[in-house]
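The values are calculated or read from the model by the stated rules, or taken from the named source; none is laboratory data. Small disclaimer: the values here were computed from a predicted structure and weren't measured. Glycine also receives a Cβ, built like all others from the backbone with ideal geometry; neighbour counts cover every protein chain displayed.
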Amino acid sequence: MKQRKGFTLLELTIALAITLIASTAIFAGHRQIQRRTLHQASYQLQADLRYAQRRSIIEGRRFGIQIEPSARRYHVVELRRFGSNNNLSIANIIRTVYLPAGVRINPPSGANNLLHYTGRGTPSRGATITLSNGPFNQTMTRTVSGGRIQVDPITTDRPADI
């Protein structure tokens with residue numbers, strides 16, 4: 001009786017199929033984690049914007065969010081007017097929020113990446129903020145009238161490849 005060496009074509013096909021299925025499942029799980037992380041980060045930012053607005057209404061002072069995109073964080077801040085020009089400055093940092101790993105923030109331009117509310121809770125200006133994580137993006141728009149925050153559904157840069 002001859003001893004055979006190596007694998008049959010059937011054994012190789014089965015091993016390749018198992019490897020392909022496992023790698024697809026791992027990739028899909030990673031994408032789901034990226035999507036969930038982005039959703040949680042945008043929910044936290046939305047809650048902090050509403051917190052700053054409520055605190056402005058209750059205390060009659062200016063509160064807001066200062067975004068630092070390069071550090072991947074933002075601060076919930078209290079603002080005061082200082083100097084002869086009556087410029088706004090940060091008087092107190094209430095808390096600092098670090099974005100989860102992989103999440104990037106693209107803040108609106110101008111005003112030192114500062115989104116604040118007047119003492120009556122009205123926003124200083126409208127703004128659109130985009131958070132992204134891997135191929136996923138989520139846009140939040142704050143309107144001037146009423147300060148409503150509209151959160152758009154999560155979109156992707158590329159079509160699903162699964």
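Can you name every residue in the stretch 98-128 that is buried (at least 17 other Cβ atoms within 10 Å of the Cβ), of a type outside the set (Gly, Ala, Ser) and under 19 Å from ARG55 (Cβ atoms)? Steps first, answer last, please.
Narrowing the stretch 98-128 to residues buried (at least 17 other Cβ atoms within 10 Å of the Cβ): 99, 103, 105, 107-108, 113-118, 121, 123-124, 127.
Among the residues that remain, those that are also of a type outside the set (Gly, Ala, Ser) are: 99, 103, 105, 107-108, 113-118, 123.
Of everything in the stretch 98-128, those that are buried (at least 17 other Cβ atoms within 10 Å of the Cβ), of a type outside the set (Gly, Ala, Ser) and under 19 Å from ARG55 (Cβ atoms) turn out to be LEU114, LEU115, HIS116, TYR117, THR118, PRO123.
Under 7 Å by Cβ, and 6 or more places apart or on different chains, what pairs join a residue from the stretch 3-32 that is closer than 27 Å to GLY134 by Cα with one that is assigned to a loop (DSSP other than H, G, I, E, B) and at pLDDT 85 or above?
Pairs that qualify, where the first residue is closer than 27 Å to GLY134 by Cα and the partner is assigned to a loop (DSSP other than H, G, I, E, B) and at pLDDT 85 or above: there are none.
For ALA28, are the conditions met, namely being over 22 Å from the mean Cα position of the chain (by Cα) and either farther than 26 Å from TYR117 by Cβ or in a helix (DSSP H, G or I) (or both)?
Values: over 22 Å from the mean Cα position of the chain (by Cα): no; either farther than 26 Å from TYR117 by Cβ or in a helix (DSSP H, G or I) (or both): yes.
Taking the combined requirement at face value, the residue does not satisfy it.
Looking at (1) surrounded by 14 or more Cβ atoms within 10 Å (Cβ to Cβ); (2) without any contact (Cβ under 8 Å) to a residue 60 or more places away in the chain, which is the one condition that is false for ILE67?
(2)
Restricting to the stretch 48-100, and then to whatever is outside any strand (DSSP E or B) and among the β-branched types (Val, Ile, Thr), can you tell me which residue is nearest to ARG120 (Cα to Cα)?
To start, the set of residues in the stretch 48-100 that are outside any strand (DSSP E or B) comprises 48-61, 69-72, 83-86, 99-100.
Those still in the list that are among the β-branched types (Val, Ile, Thr) too: 57-58.
Working: ILE57: 5, ILE58: 8 Å.
That would be ILE57.
Count, please, the residues in the stretch 9-36 that happen to be loosely packed, with under 11 Cβ neighbours inside 10 Å and of a type outside the set (S, T, N, Q).
11
Residue check, SER89 against (1) of a type in the set (Gly, Ala, Ser); (2) touching a strand residue (DSSP E or B) at 6+ places or on another chain (Cβ under 9 Å); (3) under 30 Å from GLN32 (Cβ atoms), all met but one. Which one?
Status for SER89: all satisfied but (3).
What's the number of the condition GLY6 fails, among (1) surrounded by fewer than 17 Cβ atoms within 10 Å (Cβ to Cβ); (2) assigned to a helix (DSSP H, G or I)?
Going through the list (1) surrounded by fewer than 17 Cβ atoms within 10 Å (Cβ to Cβ); (2) assigned to a helix (DSSP H, G or I), GLY6 breaks only (2).
When LEU88 is evaluated against the numbered criteria (1) farther than 17 Å from LEU114 by Cβ; (2) free of Cβ contacts under 8 Å to residues at least 40 places away in the same chain; (3) surrounded by 11 or more Cβ atoms within 10 Å (Cβ to Cβ); (4) not β-branched (Val, Ile, Thr), which criterion, by number, is the only one it fails?
It fails just one condition, (1).
Is there any pair linking a residue in the stretch 127-151 that is among the aromatic types (Phe, Trp, Tyr) to one that is surrounded by fewer than 16 Cβ atoms within 10 Å (Cβ to Cβ), with Cβ under 7 Å and at least six apart or on different chains, and which?
PHE136/THR156
Only residues that are at pLDDT 85 or above, within 30 Å of ASN137 (Cα to Cα) and aliphatic (A, V, I, L, M): list them for the stretch 9-35, please.
The one that is at pLDDT 85 or above, within 30 Å of ASN137 (Cα to Cα) and aliphatic (A, V, I, L, M): ILE33.
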